[in-house]
Amino acid sequence: MLYSKKRINSDTQKNSKREQSVPNKVVSLSRGIKILWLRTIGFVLLDAILVSLAWKKAYLVSSDVVGTYAYQPALLLPILLITLSSIAAASLYGDRENRCHFFSLVKSLTFAQVILLLLAFLYQPESIFSRSTFVLAWLFNLIFVSAGRLISEAIIIVIPRQNTVTHKIFLVGTSQDTLVAKISLKLVSNKNMKS
């Protein structure tokens, strides 16, 4: 068996030094992105709570009217997954313009309800929920989620107007430049408040 010594040339030494000198980069999120993620998570949680309340309310009302159906809380998770996925697919968790499209919200909730209806009645007709439960859940979903969106948007608009949450800015420059910057910032801030 022959042992060969691999010859190390200057290129491999340079590459190894480059690999050693590359620092580990840590991804840091700016404050705006953090707020965007928190707002999105908040809307998902709000919608999940409101959809589950709508289904529970629909079950209670329809069981009093129609009769007894066995309440199955394990079915709430697939209902939430399908409904929240439908809302997310319609991009209703994005920026303010997308969140305020209530016609798209109605279409998304209706689409999710149709999918749930098809799955339930193709899988086991009349054994999971009654038809009245589906209709009431659809109506309660529309009412609760739309009301939740309206209230949360009103809160999001009111908080910055009261200057509760502000971003501090330090301007450096000549007095004329800082005056122009202050006026520009004021105009941008007024534009954001109106939209």
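The values are calculated or read from the model by the stated rules, or taken from the named source; none is laboratory data. In this text, all values refer to a predicted model and were calculated from it rather than measured experimentally. We place every Cβ from the backbone using ideal geometry, glycine too, and count neighbours over all the protein chains shown.
Just one of the listed residues (Ser146, Ser130) is closer than 19 Å to Lys57 by Cα, among the hydroxyl-bearing types (Ser, Thr, Tyr) and more than 17 Å from the chain's Cα centre (by Cα), namely Ser130.
Answer yes or no: is there a residue in segment 114-129 that is modelled with pLDDT of 85 or more, within 16 Å of Ala48 (Cα to Cα) and surrounded by 14 or more Cβ atoms within 10 Å (Cβ to Cβ). Yes - at least one qualifying residue is present in segment 114-129. Total residues in segment 93-113 satisfying the condition of being within 21 Å of Ser52 (Cβ to Cβ) and in contact (Cβ under 8 Å) with a residue 24 or more places away in the chain: the figure is 10.
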